[in-house]
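Below: the structure, in structure tokens.
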Amino acid sequence: MNQRVLDNRYELQELIGGGGMADVYRARDVLLDRTVAVKILHEQFKRDTEFIRQYL
């Protein structure tokens, strides 16, 4: 995987899981210098505002 940084803060390291709605990555929070999990929605859900509202 090419290095990918989200919001200038989370460096995605590796895919650790996934399901019907999203993929989960191990990432490094560069601000707090710790390991975190980042969930990224699949493309089909990214523009569905009602789904996102319920998901959050």
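How much of the accessible area of the chain, probe 1.4 Å, is carbon plus sulfur, in whole percent? Please report the intermediate quantities before stating the final value.
Working: 2020 of 4430 Å².
Carbon and sulfur: 46 percent of the exposed surface of the chain.
Might you tell me the accessible area per residue for the chain, computed with a 1.4 Å probe and given in Å²? The partial results should precede the final answer.
Values: 4430 Å² over 56 residues.
I get 79 Å² per residue for this part.
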Select from Leu32, Leu41, Leu12 the residue whose mean-square fluctuation is largest in a Gaussian network model of the chain (Cα-Cα springs shorter than 10 Å).
-> Leu32
Relative contact order in percent for the chain (Cα pairs under 8 Å, 6+ apart) equals 23
Log entry: pair-distance distribution for the chain, C-alpha pairs binned every 10 Å from zero, whole % per bin is 24, 45, 29, 2
Kindly write out, for region 26-34 in residue order, the coupling ³J(HN,Hα) from the Karplus curve 6.51 cos²θ - 1.76 cosθ + 1.60 (θ = phi - 60°), rounded to whole Hz, with x marking Gly and Pro.
-> 7, 9, 10, 7, 6, 6, 9, 6, 8
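The values are calculated or read from the model by the stated rules, or taken from the named source; none is laboratory data. The model shown is predicted, which means the values in this text are computed figures rather than measured ones. In case anyone asks, the SASA skips ligands and DNA or RNA and just uses the protein heavy atoms, side chains included. Shrake-Rupley method; radii C 1.70, N 1.55, O 1.52, S 1.80 Å.
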